[in-house]
1. Determine the gain in length on full extension of the stretch Ala179-Ala131; use 0.36 nm per residue of separation and subtract their C-alpha separation, reporting nm with one decimal.
2. Go through segment 62-67 residue by residue and turn each phi into a ³J(HN,Hα) via Karplus (6.51, -1.76, 1.60, θ = phi - 60°); whole Hz please, and just put x for glycine and proline.
3. At 222 nm, what helix-only mean residue ellipticity would the chain give, in deg cm²/dmol to the nearest 500, using -39500 (n - 2.57) for each DSSP H run of four or more?
4. For the chain, build the charge dipole from Cβ charges (+1 Lys, Arg; -1 Asp, Glu) around the Cα centre, then report which of Ile94, Cys116, Ala49 sits farthest towards its positive end.
5. Using 0.36 nm times the number of residues separating His161 and Ile11, minus their current alpha carbon distance, what extension gain do you get?
6. Can you tell me how much longer the chain between Ser45 and Gln66 gets when fully stretched, taken as 0.36 nm per residue apart minus their C-alpha distance, in nm with one decimal?
7. Could you work out, for segment 79-150, what percent of all Cα-Cα pairs fall into each 10 Å distance bin, beginning at 0 Å and stopping at the bin that holds the largest distance?
8. Go through segment 162-167 residue by residue and turn each phi into a ³J(HN,Hα) via Karplus (6.51, -1.76, 1.60, θ = phi - 60°); whole Hz please, and just put x for glycine and proline.
Amino acid sequence: MTRSASVPREIAVPVSLFESLRGELASEAGTLQTVRAMHHAGYHSGLAAAALVDLEAGGRSFSLGQAAFWTRLTKYFAKRGWGTLRHSAPHPAIGMLTSTDWAEARLDDVDPDASCSFSSGFLSGLLSQLAGGPVAVLEVGCRSRGDTSCDFAFGSETAIHELYGHLLDGRAFDVSLMALQRR
């Protein structure tokens, strides 16, 4: 059986891969560069993974209804051991993907600055490729920081940038959502 060149090849690796990569990159390049590198690597991996999501949707992920699309996407991640995702739309400009068992989160060492930066990039690349245009992703909650779930907000670059600005100003997530202008 031959594989199409447009469908990326997959392998299974232990979740400790994320911790190993983070640790090695941080010792070589520093924390901020590590976050950037993990995010960029995730983004490019997500772009490629979109072909797998589409293949598993029978080549029609672009034509699925919203409920069917999110069901397919959550099955994609669960099947590969990433964790269980739940989709919600708390604001017209912002969607949310939430997981209480996300694989990239490390629970052994709670760090207030921790994040699932590879996953944020991966989700951005995957959703951008499937949507046919840029989709920004911001992790607004992380189990590695002691939160109960990993929460990924997604939307247009403008909406996510505005949301991030409100959060940086110290506003709670719900208050930040209410402060967003409709897009």
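Just so it is clear, none of the values below were taken in a lab; they were calculated from the coordinates. For clarity, every value in this text was computed on a predicted model and none was experimentally measured. As a convention, Cβ positions derive from the backbone with ideal geometry for all residues, glycine included, and neighbour counts pool all protein chains shown.
1. Full extension from Ala179 to Ala131 adds 14.7 nm.
2. Computed from phi, the couplings for segment 62-67 are 6, 10, 6, x, 4, 4 Hz.
3. Taking each H run of at least 4 residues, the total per residue is -15500 deg cm²/dmol.
4. Among Ile94, Cys116, Ala49, the one farthest towards the positive end of the dipole of the chain is Ala49.
5. 50.6 nm
6. Going from the current span to full extension adds 5.2 nm.
7. 20, 51, 26, 3
8. Couplings: 5, 4, 4, x, 5, 5 Hz.
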